[in-house]
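All remarks here apply to the structure that follows.
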Amino acid sequence: MLKSVDEYSDTELFYMLCDDKKTAEKAFSELFTRHSSKVYAFCRRFLGNKEEAQDLFQETFIKFHQSAAKDRVMTNVSAFLITIARNLCVNYRRKDKPAVSYEDYMAHSDDMSDDKNELLELVKSSLELLPDEYREIFILREYDGMSYNEIAKMINQPLNTVKVRIHRAKQKMREILQPYLAEMSKYE
Amino acid sequence: MNNYLNNTNSELLTQLLDGELNAMNEESLYAELGKSKELQEELRQQLLIRESIRKDTEAFTPPAAAVTGLFDKLGYATPYSVVSGNTALKTPFWHTMFKRATVSIAVLALLTFGGYNLIGVFNDGDADSAIADSNSIVSESKQSNDAYQQVNEIKNVDEVAAVNNVKQIPTVSSYVVEKASDTKIVATEKTETVISPKTELLATNNSNSNLLATNYADNRALVNPVYASNPNSSALNMNLTMNDGLNNVEFTKSEFTKPSNISAYMKAMPMSSLDNNMPLVGGIRFETSKYFSIAIEGGRQTYSAIVTSDTDDNILINKNMPVNFVVIVGRYDVKQLEFLNVHPYVQIGVGAGNFGKYMYRLNGGIEYPLFESGISLMLGLEESNLIYPTQNKSYKTSNLDVIFGISYKF
């Protein structure tokens, strides 16, 4: 290795995963450092459950590592990782979809009334009330910072559909949080 | 539910906040925002939600257990750098013990060595007093047959043989040996030059290389999710304090890496052990960038022969003379040649000793980090050069040796 591992691009590091174990280990650590927060954020907020999120977070990186091949065309490692995470999470939810009731949400939000990050706690709870198709798109946009085009490619939908879904996801979120947000307006 | 865009102001506002609105619609939306209280409220609420997500550190921090579990499953060692401070990885007991023990030994050794040197400095005084001591010993005329024998042998050593023997006392064929003891040889200058394998006559004008210590910052931030660009709030004149998106989600590389760039190290030169005194050097190093470091080094090294003079025309060749020194060091890490976690480096140090006006030391070697403990082993070659005036001439005594050592990054 002629230069420090942090000087390599994502794509170069991806191909280095196929090299000897020492090189692969370094490359993997660097890629993990660069992208783990985004992947975990997606899993954590999409699934809601911490234990499930951890399992699928690990599985994402294991699948990512297994997919490394010199002949694979790799242009966007970040999007590739999120795609793996998304597929795993969506499949997982299809198999075992937990129900979150409005009552659960209200009970939870009452508990959070004194919390310093009250709005954040409400946002997290609201996310769980969103339908999957809105939730995932909201997380990809707000947590993972993906552009509309990137999201469209990832979920294999037209750009306009993405625009509409993002808007509706945000509107839904606002609707759920409306009582709280309105209350905040009064005191500002 | 249809998937058609109606291009309502609300939809355009969402696109604006996500940096996806085209220029054509932007202008009309700004105009609408200026007069619609409802739209302004929606903007404010969307920004509040975004701002709260920005604080969702829990979502952006993979738990340590998940990280170690993943690396275990892949058969990799969990790097220290990927575990954040608030989810600190529990290191194995033996690992911690090893680290603490090694650091304690190194600190103790440094303190002992430093204290010893300090006492040595007070005892030795400056070069003049060292010479005075020499004179007093010489004046006692402690002649030793062995020493004479040794000197006679030296006189007969040819230069090639002498060069190959670093511990040998230099050839003094151009001097007449008057007397000798176990520690000193008194010789009268007969011809004009003495050239020995490790003590050579130099020009009086000594120029030291410039110390390279470029200082440039090298803070590498973790590449965070790139969030959308945001509307030009000043154009809207709406005092939007939260409109910078989420591009500072409080995760930087610096949070994941060991913050310190200060190291302490000790190194020894075993092949130059004379009179059972192994040269030892200790130092503190400060990394100014990824490639460059500066350090201050101190140590004690015994030289095989140092030329001094007494009050007469005689010169004294001091055998196995210890010298305390301090040098400022510039170091370059040759990252281009890194392989298998081995870090090559070269360095140059300039300074002075308690005997000798100038000293410069050239060192090249490798460092090998042990685990992720901050401890590294050092191995290399070091040439030390002591330059000093005697009887209006400059002499240089050099020593080339293998070094080995240990360093600890705090």
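The values are calculated or read from the model by the stated rules, or taken from the named source; none is laboratory data. All figures in this text were calculated on a predicted structure; none of them were measured in a lab. We place every Cβ from the backbone using ideal geometry, glycine too, and count neighbours over all the protein chains shown. Heads up: the accessible areas ignore ligands, DNA and RNA and are worked out on the full protein's heavy atoms, side chains in. Shrake-Rupley method; radii C 1.70, N 1.55, O 1.52, S 1.80 Å.
So the values come out like this:
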{"read-out": "Segment A:70-91, subset touching a Cys at 6+ places or on another chain (Cβ under 7 Å) and under 20 Å from B:Leu70 (Cα atoms), residue surrounded by the most Cβ atoms within 10 Å (Cβ to Cβ)", "value": "A:Ala85"}
{"read-out": "Test result for B:Gly34, open to solvent by 30 Å² or more (accessible area, probe 1.4 Å), out of contact with any Ser or Thr (no Cβ under 6 Å at 6 or more places or on another chain) and either of a type outside the set (D, E, K, R) or not in a helix (DSSP H, G or I) (or both)", "value": "yes"}
{"read-out": "Segment B:51-68 residues that are more than 9 Å from A:Ala41 (Cβ to Cβ), paired with ones that are charged (D, E, K, R) and open to solvent by less than 10 Å² (accessible area, probe 1.4 Å) (beta carbon under 7 Å, 6 or more apart)", "value": "B:Ile53/A:Glu142"}
{"read-out": "Residues being buried (at least 20 other Cβ atoms within 10 Å of the Cβ) and among the aromatic types (Phe, Trp, Tyr) - total across segment B:283-323", "value": "1"}
{"read-out": "Test for B:Phe355: is it at negative phi and outside any strand (DSSP E or B)", "value": "yes"}
{"read-out": "Among (1) at pLDDT 90 or above; (2) surrounded by fewer than 17 Cβ atoms within 10 Å (Cβ to Cβ); (3) in the same structural domain as A:Asn49 (by TED's automatic domain parsing), the one test that A:Arg94 misses", "value": "(1)"}
{"read-out": "Flag if A:Phe80 is outside any loop (DSSP other than H, G, I, E, B) and at the interface with another protein chain (Cβ under 7 Å from one of its Cβ atoms)", "value": "no"}
{"read-out": "Residue within segment A:50-58 that is surrounded by fewer than 18 Cβ atoms within 10 Å (Cβ to Cβ) and more than 10 Å from chain B (Cβ to nearest Cβ) present", "value": "no"}
{"read-out": "Tally of residues being modelled with pLDDT under 85 and surrounded by 13 or more Cβ atoms within 10 Å (Cβ to Cβ) across segment A:106-120", "value": "6"}
{"read-out": "Condition broken by B:Pro369, with the remaining ones in (1) surrounded by fewer than 19 Cβ atoms within 10 Å (Cβ to Cβ); (2) out of contact with any Ser or Thr (no Cβ under 6 Å at 6 or more places or on another chain); (3) part of a strand (DSSP E or B) satisfied", "value": "(2)"}
{"read-out": "A:Ala85 modelled with pLDDT of 90 or more and small (Gly, Ala, Ser)", "value": "yes"}
